[in-house]
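The values are calculated or read from the model by the stated rules, or taken from the named source; none is laboratory data. Please read all numbers here as calculations on a predicted model, not as lab measurements. Quick reminder, even Gly has a Cβ in these numbers, built from the backbone with ideal geometry, and neighbours come from all protein chains shown.
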Amino acid sequence: MPNHQEQELRSLLTEQDFGTTTWEYEILENRKMQVRSFVQIDNGVAVLSDLRKNTSYIYAGNFGQNIGISQNGLIIDSAFEDEIFNCIPADDLIERHVLELRYFHFQRANEIRERKNYNTICLIHFQLQNGNTIPVLHRSYYLESLPNGSIWLSLCTYTPYIETPTLTSGQIVNNKNGKVVQQKEYQLYDNLLLSPREKEVLTLLAKGHSSKQIADILNISTNTVYRHRQNILSALQVSNTAAAIQVGFRLNII
């Protein structure tokens, strides 16, 4: 089963305004062919997600056998690859969630023609069927967007890797010029996720205060605190306070 963070993030992606289109079939088939060819060379696992139809196409090289994914591929009725997420430790899923949240808002602010020039990259870990844990290089791409700006096709890749001190946290990379996007470029979007008051509420929650205590400290009603808490969960695309605090710390907004 998907964790709460991924359930909320998938809503952000799959509930965009997709409108109606009639030309997507040929583009989708071309992308599927490209991804199949990629895994034959890379030998890893790749997931092509159709966010409009909430469907994913999973392709695997030999590495897929280690996590129970056949080289024949899978088609699943979800835009998120739960079969893979179940192999990833909780801390790594939080790291991935924060990176994907940043990537979505960063890319939505980019012109459509520029989106192909950016991808995410992070080091996560997989629990294999034999019980071993190995490092895996994870990358995300937005391959196709609709004319109205909604992101339509996304690609996630997973390749066995080695631990390296040069990749200590997730990054957004410009794959046209090879430069890493500086944090200050997307921290602008981090800071806009919550209002100043919502940041105050989240900070107080992180310190262990109850809603009643927060209301007294900020001189507002308890109902207002509850409303702020719901807004925080929605903005950070999580479903509980503990996850909101984790994401808030990683976004450096508390």
Inset, instruction - Among the residues of the stretch 32-50, write down those that are among the charged types (D, E, K, R) and farther than 14 Å from Gly73 by Cβ. - result: Asp42, Asp50
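Considering each residue of the stretch 110-128, count those that are touching a helix residue (DSSP H, G or I) at 6+ places or on another chain (Cβ under 7 Å) and either in a strand (DSSP E or B) or in contact (Cβ under 8 Å) with a residue 60 or more places away in the chain (or both), and give that number. Talk me through it step by step, then tell me what you get.
Step one: list which residues in the stretch 110-128 are touching a helix residue (DSSP H, G or I) at 6+ places or on another chain (Cβ under 7 Å), which gives 115, 118, 120, 122, 124-126, 128.
Cutting the leftovers down to either in a strand (DSSP E or B) or in contact (Cβ under 8 Å) with a residue 60 or more places away in the chain (or both) gives us 118, 120, 122, 124-126, 128.
Residues meeting the conditions: 7.
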Legend entry - Count of the stretch 198-234 residues which are surrounded by fewer than 15 Cβ atoms within 10 Å (Cβ to Cβ) and among the β-branched types (Val, Ile, Thr): 2
Inset, instruction - Check whether at least one residue in the stretch 55-69 is at positive phi and either among the aliphatic types (A, V, I, L, M) or surrounded by 15 or more Cβ atoms within 10 Å (Cβ to Cβ) (or both), and report yes or no. - result: no
Legend entry - Selection from the stretch 199-216 of residues that are part of a helix (DSSP H, G or I), of a type in the set (Lys, Arg) and farther than 15 Å from Gln230 by Cα: Lys212
Legend entry - Hits in the stretch 185-204 - residues which are touching a helix residue (DSSP H, G or I) at 6+ places or on another chain (Cβ under 6 Å) and of a type in the set (A, V, I, L, M): Leu193, Leu194, Val201, Leu202, Leu204
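Those residues that are over 13 Å from Ile232 (Cα atoms) and not small (Gly, Ala, Ser), I need them from the stretch 205-217; list them, please. Give the steps one after another, and end with the answer.
Quick first cut of the stretch 205-217, residues over 13 Å from Ile232 (Cα atoms) only: 207-217.
The answer is Lys207, His209, Lys212, Gln213, Ile214, Asp216, Ile217.
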Legend entry - Test set (1) part of a helix (DSSP H, G or I); (2) among the polar types (S, T, N, Q); (3) more than 22 Å from the chain's Cα centre (by Cα) - Gln187 fails condition number: (3)
Legend entry - helices (runs of 4 or more DSSP H) contained in the stretch 1-97 and holding at least 2 residues modelled with pLDDT of 90 or more: 24-42
Legend entry - Pair list, Cβ under 8 Å, 6 or more apart: the stretch 225-254 residue of a type in the set (D, E, K, R), other residue assigned to a helix (DSSP H, G or I): Arg229/Val201; Arg229/Leu205; Arg229/Ser211; Arg229/Thr241; Arg250/Ile94; Arg250/Glu95; Arg250/Val98
